Amino acid sequence: GAVVSQHPSRVICKSGTSVKIECRSLDFQATTMFWYRQFPKQSLMLMATSNEGSKATYEQGVEKDKFLINHASLTLSTLTVTSAHPEDSSFYICSARGSGVLQETQYFGPGTRLLVL
Amino acid sequence: AQSVTQLGSHVSVSEGALVLLRCNYSSSVPPYLFWYVQYPNQGLQLLLKYTTGATLVKGINGFEAEFKKSETSFHLTKPSAHMSDAAEYFCAVSGDGTASKLTFGTGTRLQVTL
């Protein structure tokens, strides 16, 4: 139980284009989803927290207009990297938290590797 | 405020040897503590967690960790390392009782040698 998927697993795009990454909770309802960014050989950096049906809360230093987050349903959140640039290349990981006992843990997706050329 | 310190960015053990990965935390409230494992190019998999109750927590793949409040530690151990244990391990703390905001350590890369 508590499985989270991400799509795509890997994406290559040209500079200036936008990229959408999907995060889905497959077997539970995710009241909260989180988006992280991980640079090579580093820890995870929280970018934003999103609750279903409300605006995302961004961490300090994260541009909300560049990293658009939508959490339209209890099983789906999307991260759109707008006007991507090479410095946006990174590993993006989402996690989800449910209700009840499932709110005690964040369950992570497999990650999406973004390469901007 | 909360923080996590993982001592040793890289640990190497022989197959069959004891694995000990260190984690110390700080939290102004009773913490929830987690260990996650990350294999190359993959997301994080929960190994085990401490919320309340028994301070010795058993997880998957033979790992366990002990919450020691007096030492503010949550070290991860496994009696006998296996080659498949080679991965990156992250300790994390949440200070609000609902895993709403995790603070991660910098990670420890475990290498297992023959």
Long-range HN-HN contacts of B:Leu47 with modeled amide H, under 5 Å:
B:Trp35, B:Tyr36, B:Val37
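So in region A:5-117, what percent of DSSP beta bridges are antiparallel if you round to the nearest 5?
Working: 35 of 39 bridges.
Once the DSSP bridges in region A:5-117 are tallied, antiparallel ones form about 90 percent.
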Result for the protein assembly as shown: accessible area per residue, probe 1.4 angstrom, in square angstrom, of 47 Å²
Return the carbon/sulfur percentage of the accessible area of the protein assembly as shown, one whole number, probe 1.4 Å, all protein chains in place.
53 percent
In region B:40-54, the residues losing 10 Å² or more of accessible area (1.4 Å probe, heavy atoms of protein chains only) relative to their chain alone are B:Asn41, B:Gln42, B:Gly43, B:Leu44, B:Leu46, B:Lys49, B:Thr51
Over its alpha-carbon atoms, the protein assembly as shown yields an Rg and a Dmax in Å of 17.7, 52
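Quick check on chain A: what are the equivalent-ellipsoid semi-axes from the Cα gyration tensor, as sqrt(5λ), descending, whole Å?
Numbers: eigenvalues 107, 40, 33 Å².
The three semi-axes for chain A are 23, 14, 13 Å.
What's the whole-number percent of alpha carbon pairs in chain B lying beyond 22 angstrom? Could you put the intermediate results ahead of the total?
Numbers: 1670 of 6441 pairs.
Result for the distance tail: 26 percent.
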For B:Val19, distant residues with modelled amide H under 5 Å away:
B:Lys78, B:Ser80, B:Ala81
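Estimate for me the total accessible surface buried between chains A and B (protein heavy atoms, probe 1.4 Å, no ligands or nucleic acids), in Å² to the nearest 100.
Numbers: alone 6420 and 6030 Å², together 10840 Å².
Summing both chains' loss of accessible area gives about 1600 Å².
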Could you work out the relative contact order of region A:1-67, using alpha carbon pairs under 8 angstrom and six or more residues apart, expressed as a whole percent?
22 percent
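The values are calculated or read from the model by the stated rules, or taken from the named source; none is laboratory data. Since the structure is predicted, the reported quantities are computational estimates derived from the model, not experimental observations. All accessible areas refer to the heavy atoms of the entire protein, side chains included, with ligands and DNA or RNA removed. Shrake-Rupley method; radii C 1.70, N 1.55, O 1.52, S 1.80 Å.
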